[in-house]
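In what follows, a structure is listed as structure tokens, so that the remarks can point back to it.
The values are calculated or read from the model by the stated rules, or taken from the named source; none is laboratory data. What you see is a predicted model, and the numbers here were worked out from it, not measured in a lab. When we count neighbours, we look across all protein chains shown, and the Cβ atoms used for this are built from the backbone with ideal geometry, even at glycine. We work out accessible area using only protein heavy atoms, side chains counted, and drop any ligands, DNA or RNA first. Shrake-Rupley method; radii C 1.70, N 1.55, O 1.52, S 1.80 Å.
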Amino acid sequence: MSSELINATACAHVARLRQGKISPHDLLDALEARIGEVEGEINALPTLCFDRARRQADRLLRKPPAERGLLAGLPIPIKDLSDVAGVRSTHGSPIFADFVPDASDIVVETIEAQGGVVYAKSNTPEFGAGGNTFNEVFGPTLNPYDTTRSAAGSSGGAAAALASGTAWLAHGSDMGGSLRNPASFCGVIGMRPSVGRCANDAKTRIDQTLGVQGPMARTVEDLALFLDAMCGFHPRAPLSLPVETPSFLQQARSDWKPRRVAYSADLGITPVDPEVARVTRAAAMRLAQEGVIVEEAHPDFSEAHECFQILRAENFAIGMGALLKAHPQLFKPEVVWNIEKGWALTPSDVARANHQRVALFQRAAKFFETYDLLLTPATITAAFPVGERYLTECAGQRFETYIDWLAIAYAITLVFSPALSLPCGFTRLGLPVGLQIAGPPRVEGKVLAGAKLLEGLLDLPTAKPVDPRMPKAA
């Protein structure tokens, strides 16, 4: 019974929860057993709160079924960058190693209001910085497909939990690919929604447009269900958007098919591993067999590197500068570098980056007048060894900073496009490869429908979890 529950989809569980055929307690029991079996292999969910979850489930069950929300009692892990009331919330930092907040972040409030039952916090890099999930509080998260390799970051714990069957849905967040890169490395789906789609706390700046909250799952329909549950206006989140109608799950199931899509292996700005390029190009070309026009093209992203470096550094200085001054010895060097880069910026630097972003956005908007979707590798490499702090080179090209290798994701961030990473194949070593599917701003429905079409065409086994005790990679 436990194995059957672990392998089932979130949508199937929600239907059975609504019908009273299973209870949230059944799912929590199954998760606790699965965590006992595999968590020691991967370190995805270092903080558990099953007692709190069971109390929450009891409160939910006292409500009429119609009032239990879109998730109806489905258990959900929360990324350790977001606070959960009464639960250790470390942000991956020694500064907050023992911090237990009194109140939850907006995204947690929203998920719980929709019937999500929080049972764990998922591992993340220190303050979410970097594409490899490790920190001084909990150590590294390992890839369920090969436990010698990285789960990427910063939502690495969430992705590894999904891939190993200790979650059906998982919360994450994304600035430069933090939902998409772990999804690619771990063979699951992670979506960066449009800015404002998921209400976000205004903690250090009121106009946050780089970082967003978002969903992760093993199937497109499950992802769409969770996006619906995470959406909606919140009075403490001034950029938040109202609930979409029809729902994203309905839009994913709409059978919409793109007329013309573009594929680019590199967006003209980054090297890419040849095997990743081959796998993603082959996946994109499957659409041609369905009558979709597939052309190799991309907008001009030539300013993306400088633009993102400046805007990210500004964000780090605003968000963590005071903490660095108070605790300089407790920060990893990459975060120190990013904050100090922000401190060194001039008003002219910030103005130039904002002007560049406007130009990037305008070119992308023009591009999407011709193409319904833009397809690229979600990440330029498959999972690298977990002991490497970040990818230092690819296809013979060395990177100058710890974030340069993430350009294919952060370029999409800069132009406000919703985008997801869809499993699209495997390397010769059996490591997953993700295809990034991006669309115009606030058009998540077509991104989801296009992803569901490709998911059916590719028919990969990633809807069910792998056992990290039996790695699939050679």
So which residues in segment 262-282 are open to solvent by less than 30 Å² (accessible area, probe 1.4 Å) and either in contact with a helix residue (DSSP H, G or I) (Cβ under 6 Å, 6 or more places away or on another chain) or free of Cβ contacts under 8 Å to residues at least 12 places away in the same chain (or both), if there are any at all? Tyr263, Ala265, Leu267, Ile269, Thr270
Being modelled with pLDDT under 95, among the hydrophobic types (A, V, I, L, M, F, W, C) and open to solvent by 10 Å² or more (accessible area, probe 1.4 Å) narrows it down to one residue among Ala463, Ala473; which is it? Ala473
Mind listing whichever residues of segment 314-335 are outside any helix (DSSP H, G or I) and of a type in the set (Asp, Glu)? none
Sole exception among (1) of a type in the set (D, E, K, R); (2) in contact with a helix residue (DSSP H, G or I) (Cβ under 9 Å, 6 or more places away or on another chain); (3) part of a helix (DSSP H, G or I); (4) over 29 Å from Leu429 (Cβ atoms) for Arg286, by number: (4)
Can you confirm whether Ser89 is in a loop (DSSP other than H, G, I, E, B), open to solvent by 10 Å² or more (accessible area, probe 1.4 Å), among the hydroxyl-bearing types (Ser, Thr, Tyr) and more than 17 Å from Gly190 (Cα to Cα)? no
Matching residues, segment 369-385, being open to solvent by 30 Å² or more (accessible area, probe 1.4 Å) and in contact (Cβ under 8 Å) with a residue 60 or more places away in the chain: Thr370, Asp372, Pro385
Condition check: touching a residue at least 24 places away in the same chain (Cβ under 8 Å), crowded, with 24+ Cβ neighbours inside 10 Å and polar (S, T, N, Q). Does Gln213 satisfy that? yes
Please go through segment 377-417 and pick out each residue that is polar (S, T, N, Q), under 16 Å from the mean Cα position of the chain (by Cα) and in a loop (DSSP other than H, G, I, E, B). Thr379, Ser417
Of the numbered conditions (1) touching a residue at least 40 places away in the same chain (Cβ under 8 Å); (2) over 26 Å from the mean Cα position of the chain (by Cα), Val335 satisfies every one except a single condition; which is it? (2)
From the residues in segment 1-52 that are in contact (Cβ under 8 Å) with a residue 40 or more places away in the chain and small (Gly, Ala, Ser), which one is surrounded by the fewest Cβ atoms within 10 Å (Cβ to Cβ)? Gly20
Of all residues in segment 62-82, which are open to solvent by 20 Å² or more (accessible area, probe 1.4 Å) and touching a helix residue (DSSP H, G or I) at 6+ places or on another chain (Cβ under 7 Å)? Pro65, Arg68, Gly69, Leu70, Leu81
Answer yes or no as to whether Val466 is in a loop (DSSP other than H, G, I, E, B) and not charged (D, E, K, R). yes
Considering each residue of segment 420-441, count those that are of a type in the set (A, V, I, L, M) and in a loop (DSSP other than H, G, I, E, B), and give that number. 2
Where in segment 1-60 are there helices (runs of 4 or more DSSP H), lying fully within it, with 1 or more residues that are touching a strand residue (DSSP E or B) at 6+ places or on another chain (Cβ under 7 Å)? 10-19, 24-42
Residue check, Thr346 of a type in the set (Ser, Thr, Tyr) and either under 22 Å from Ile412 (Cα atoms) or buried (at least 20 other Cβ atoms within 10 Å of the Cβ) (or both): no
Within segment 442-459, tally of residues that are part of a loop (DSSP other than H, G, I, E, B) and buried (at least 17 other Cβ atoms within 10 Å of the Cβ): 1
Please go through segment 360-376 and give me each residue that is part of a helix (DSSP H, G or I) and touching a helix residue (DSSP H, G or I) at 6+ places or on another chain (Cβ under 8 Å), ordered by number. Leu360, Phe361
Considering only residues of segment 296-316 that are open to solvent by 20 Å² or more (accessible area, probe 1.4 Å) and free of Cβ contacts under 8 Å to residues at least 40 places away in the same chain, which is farthest from Val261 (Cα to Cα)? Glu314
